[in-house]
């Protein structure tokens with residue numbers, strides 16, 4: 001787990017979201033993903049899709065589709081935060097909205113999607129109908 005660090009603000013951002021309204025989708029095996037998340041201080045979500053849950057990893061959209069299903073929503077109602085080209089393509093193929101986090105790349109990806117340098121610049125707010133709104137600082 002040496003070298004595993006939190007993307008700035010990720011843990012705080014995830015902790016601000018209702019536990020039943022977000023998921024992690026990773027091509028890593030579950031045990032490794034949980035160890036990496038713990039090393040970075042990332043809370044475990046109620047829904048997690050890992051390598052064991054799908055037959056094809058990113059850029060295949062199956063992981064994102066399965067996460068949306070487990071959350072009880074359509075992929076088109078999801079906002080995916082991604083930092084890798086294969087994940088971006090998977091989110092697009094699933095029909096979801098994509099936000100690109102550029103903190104993990106020396107050279108930010110070229111993308112038509114909105115980008116954020118880190119999670120420090122985005123906040124979530126719940127309305128009276130339990131809908132989440134995001135805003136940047």
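No value in this document is a laboratory result; all are computed from the given coordinates. Quantities reported herein were computed from a predicted structural model and do not represent experimental measurements. Cβ: placed from backbone, ideal geometry, glycine included. Neighbour counts: every protein chain shown.
What percent does the relative contact order of the chain come to when contacts are Cα pairs within less than 8 Å and at least six residues apart? Could you put the intermediate results ahead of the total?
Values: 218 pairs, mean separation 29.0, N = 137.
About 21 percent, as a whole number.
Could you work out the Kirkwood radius for region 10-136, taking every pair of different alpha carbons, averaging 1/r and inverting it, reported in Å? All intermediate terms of the calculation are to be shown ahead of the outcome.
Numbers: mean 1/r = 0.0666 Å⁻¹.
It works out to 15.0 Å.
Note on region 1-77: Cα-Cα pairs beyond 17 Å make up 48% of the total pair count. Between residue 113 and residue 97, the distance separating the two model label sites (each 7 Å from Cα on the Cα→Cβ line) works out to 1.3 nm.
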